[in-house]
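Student: Let me begin by handing over the structure; questions about it come next.
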Amino acid sequence: PAMLGILGGGQLGRMFATAAKTMGYRVTVLDPDADAPAAAFADVHLCAPYNDQEALHMLASTCAAVTTEFENVNADAMRWLAGHTRVSPSGDAVAVAQNRILEKSWINKAGLPTAPFLALETVEDLHVDLSNYLPGIMKTARLGYDGKGQVRVSTPEEARSAYANLGGQACVLEKMLDLKLEVSAIVARTTNAQEACFPVAENRHENGILDVSIVPARIEPELAHRVQQMALQLANALDYVGVLAVEFFVLEDDSVVVNEIAPRPHNSGHYTIDACVTSQFEQQVRTMCGLLPGKTDLLSPVVMVNLLGDVWREDGGEPNWAVLCEAPNAKLHLYGKKAARPGRKMGHFTVLSAKVDDALEQAEALKDTL
Ligand code: ATP
Ligand code: MG
Ligand code: MG
C-alpha cells in the first residue's frame, strides 16, 4: 500500500492517520514530540524538527503524497517537498494562512469582506487615526491560535501598549464586531477543481477557544448556502487543493464577513467523523491522493463538544467517561495526550439526535456530568 506523509502529529494528524489507515494506506508522521498524539497511529514516526533535512528527504523518497495538519509548518519545506512528491495544500496556500496580514489582504482581494483591520508591521504603523478599528482586538500576525496572542483594546493608548506587550512583532488591529453568530464551512477541492462542501457548523466559543459546534447551523438555508459559496470562492481563488476550513462572523443584519481560514481539517469539522457520509479526514486523504471528494451529506443532526484539560480533576483524575459511554447516541474521542492543562484540547464528544436542539440539550447535560 502507498505511504502518505503528514507534517504534524497532533490530534488532527491522529484522526488523519486513522482515516488513511482505514482506507488501506500506510502513514508517516513528522513531529518533534515523541509523545505526539498521532505517533501511536502511524506506521513511521519521524521524531525530528519540521525543517530537519534528513526527515524531509525521507518523506520525499517514501511518500506518494504529503499533507499538513497545521499552518505553522515551514512553507519553504513544503515547496521543497513539492519538487519531489505530491504535496497538498501548496506551500503558497499555507503561507497565506500563517500570516493574518497576508490572509486578510488576500481575502479582501478575492472579493470577500473581513472585519476592518490595520496591518501593523512596525510601531510606526500605529501613528495614524485608529478610530475605525476601536474598540478592537490586537492580534499577532503569526502563530496565534485558540485566542492566544490576542488583546482586546478600546483606546489608542491601550492599542499601543498591547502592541508593545506582544513584543513589537507584526500584528493586526481588528475592529471588534457585534456578532450574531459564528459559523464555519469546510470545503474540499481537487487538482482538477472538483469540489465539495460540508454542512455549515454553528460555533460557540469560550475564552477564544471553540467550545461547541452545532450542525446543521440554526440559520436560514439561504444564509448557509451563501456561506458555502464564499468558502468555495476562496478555495477557487487560491487554486486550492485539499481541505480548507473557513471561519465566518454573521453580523446582526445577517451580513457575513470572513474571520480566518485554516489550510487543513478544522476542529469545527470533527462532527463529520460521526455524522457525515465522508469525514473531513477522509476528504483530506482523498484530495491529497487525487481521488474524487466523497459525498458530504449529513446523516443526522449533531452537536460536538470540545473536551479541554479543564474538565479533568485538579488531582489529574479522569472525568467520568462512563456517562458518555453509556449514552447510546454519544461518541467519545480522546486524543491520547498525557498532561491535561487548562485550555488544552484533550478530546471531544458528539451527540447525534433527530432534532438538533435535542442534541444540544443532551450534549450540555452530558458535559455537566463529566
Ligand atoms: P483559532 O483557534 O480558531 O485559530 P485564533 O486564535 O486564530 O483562533 P480568532 O479566530 O481570530 O483566533 O478569534 C477567536 C475568537 O475571538 C473568534 O472566534 C471570535 O469569537 C472572537 N473574535 C475574534 N475577532 C473578533 C472580532 N473582530 N470581533 C468580534 N469577535 C472576534
Ligand atoms: Mg486562527
Ligand atoms: Mg479562529
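The values are calculated or read from the model by the stated rules, or taken from the named source; none is laboratory data. None of these values were measured; they are calculated from a predicted model. In this analysis, Cβ positions are derived from the backbone assuming ideal geometry, glycine residues included, and neighbour counts consider all displayed protein chains.
Let's see how each residue does on (1) more than 20 Å from TYR271 (Cβ to Cβ); (2) outside the structural domain of GLY294 (by TED's automatic domain parsing); (3) more than 16 Å from ligand 1 (Cβ to nearest atom); (4) over 14 Å from the mean Cα position of the chain (by Cα):
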| site | (1), (2), (3), (4) |
| --- | --- |
| GLY208 | yes, no, no, no |
| ASP211 | no, no, no, no |
| PRO216 | no, no, yes, yes |
| GLU220 | yes, no, yes, yes |
| LEU223 | no, no, yes, yes |
| VAL227 | no, no, no, yes |
| ASN236 | yes, no, yes, yes |
| ASP239 | yes, no, yes, yes |
| GLY242 | no, no, yes, no |
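Student: Of all residues in segment 142-170 being aliphatic (A, V, I, L, M) and away from ligand 3 (no atom under 15 Å from the Cβ), which is nearest to VAL94 (Cα to Cα)?
Tutor: Taking the candidates together, the pick is ALA170.
Student: Which one of ASP274, ASP211, ASP253 is without any contact (Cβ under 8 Å) to a residue 24 or more places away in the chain and under 24 Å from ASP357 (Cα atoms)?
Tutor: On the way: ASP274 fails: without any contact (Cβ under 8 Å) to a residue 24 or more places away in the chain; ASP211 fails: without any contact (Cβ under 8 Å) to a residue 24 or more places away in the chain.
Only one candidate passes the filter, namely ASP253.
Student: Which condition breaks for LYS139 when tested against (1) among the basic types (Lys, Arg); (2) surrounded by fewer than 14 Cβ atoms within 10 Å (Cβ to Cβ); (3) within 14 Å of ligand 3 (Cβ to nearest atom)?
Tutor: Tallying (1) among the basic types (Lys, Arg); (2) surrounded by fewer than 14 Cβ atoms within 10 Å (Cβ to Cβ); (3) within 14 Å of ligand 3 (Cβ to nearest atom), LYS139 fails exactly one: (2).
Student: Restricted to segment 293-312, and to residues that are outside any strand (DSSP E or B) and out of contact with any helix residue (DSSP H, G or I) (no Cβ under 7 Å at 6 or more places or on another chain), which residue is farthest from LYS331 (Cα to Cα)? Can you show your working first?
Tutor: Step one: list which residues in segment 293-312 are outside any strand (DSSP E or B), which gives 293-297, 299-301, 309-312.
After this cut, where a residue has to be out of contact with any helix residue (DSSP H, G or I) (no Cβ under 7 Å at 6 or more places or on another chain) as well, the list is 295-297, 309-312.
Values: LYS295: 22, THR296: 19, ASP297: 19, GLY309: 18, ASP310: 20, VAL311: 17, TRP312: 18 Å.
Only one residue tops the list, namely LYS295.
Student: Name the single residue, out of those in segment 256-270 being assigned to a strand (DSSP E or B) and closer than 19 Å to ASP211 by Cα, that is nearest to ligand 2 (Cβ to nearest atom).
Tutor: Per the criteria, the residue is GLU260.
Student: Looking at the structure I just gave you, is ASP253 away from ligand 2 (no atom under 14 Å from the Cβ), part of a loop (DSSP other than H, G, I, E, B) and not small (Gly, Ala, Ser)?
Tutor: yes
Student: Just one of the numbered conditions (1) away from ligand 2 (no atom under 16 Å from the Cβ); (2) surrounded by 20 or more Cβ atoms within 10 Å (Cβ to Cβ) is not true of ALA93; which one?
Tutor: Going through (1) away from ligand 2 (no atom under 16 Å from the Cβ); (2) surrounded by 20 or more Cβ atoms within 10 Å (Cβ to Cβ) one by one, ALA93 breaks only (1).
Student: Give me the residue from segment 257-291 that is within 13 Å of the chain's Cα centre (by Cα) and of a type in the set (D, E, K, R) and, out of that set, nearest to ligand 3 (Cβ to nearest atom).
Tutor: Selected residue: GLU260.
Student: Sticking with this structure for a sec: Can you list residue pairs whose Cβ atoms sit under 6 Å apart, with the first residue in segment 140-157 being closer than 15 Å to ILE101 by Cα and the second being small (Gly, Ala, Ser) and in a loop (DSSP other than H, G, I, E, B)? Count only pairs 6 or more apart in sequence or on different chains.
Tutor: Listed pairs, sorted by first residue: THR140/GLY149; ALA141/ALA170.
Student: Okay, next question. Return a yes/no flag: does segment 261-269 have any residue that is more than 16 Å from ligand 1 (Cβ to nearest atom), of a type in the set (S, T, N, Q) and more than 17 Å from THR191 (Cα to Cα).
Tutor: Within segment 261-269 (the criterion being more than 16 Å from ligand 1 (Cβ to nearest atom), of a type in the set (S, T, N, Q) and more than 17 Å from THR191 (Cα to Cα)), the answer is no, since none of the residues qualifies.
Student: Take VAL250 and tell me if it is crowded, with 23+ Cβ neighbours inside 10 Å and of a type in the set (Val, Ile, Thr). Even if it seems obvious, please write down each step before you answer.
Tutor: Working: crowded, with 23+ Cβ neighbours inside 10 Å: no; of a type in the set (Val, Ile, Thr): yes.
Taking the combined requirement at face value, the residue does not satisfy it.
Student: Same structure, new question: Does ALA93 fit the bill of being within 16 Å of ligand 3 (Cβ to nearest atom), of a type in the set (Gly, Ala, Ser) and either closer than 23 Å to VAL250 by Cα or under 23 Å from the mean Cα position of the chain (by Cα) (or both)?
Tutor: Criteria not met by ALA93.
Student: Going through segment 61-75 one residue at a time, which ones are within 21 Å of the chain's Cα centre (by Cα) and either assigned by TED's automatic domain parsing to the domain that holds ARG189 or not hydrophobic (A, V, I, L, M, F, W, C) (or both)?
Tutor: Across segment 61-75, the qualifying residues are THR67, THR68, GLU69, GLU71, ASN72, ASN74.
Student: Please determine, by comparing only the residues of segment 39-53 that are outside any loop (DSSP other than H, G, I, E, B) and more than 15 Å from ARG14 (Cβ to Cβ), which one is modelled with the lowest pLDDT.
Tutor: By that ranking, first place goes to GLN53.
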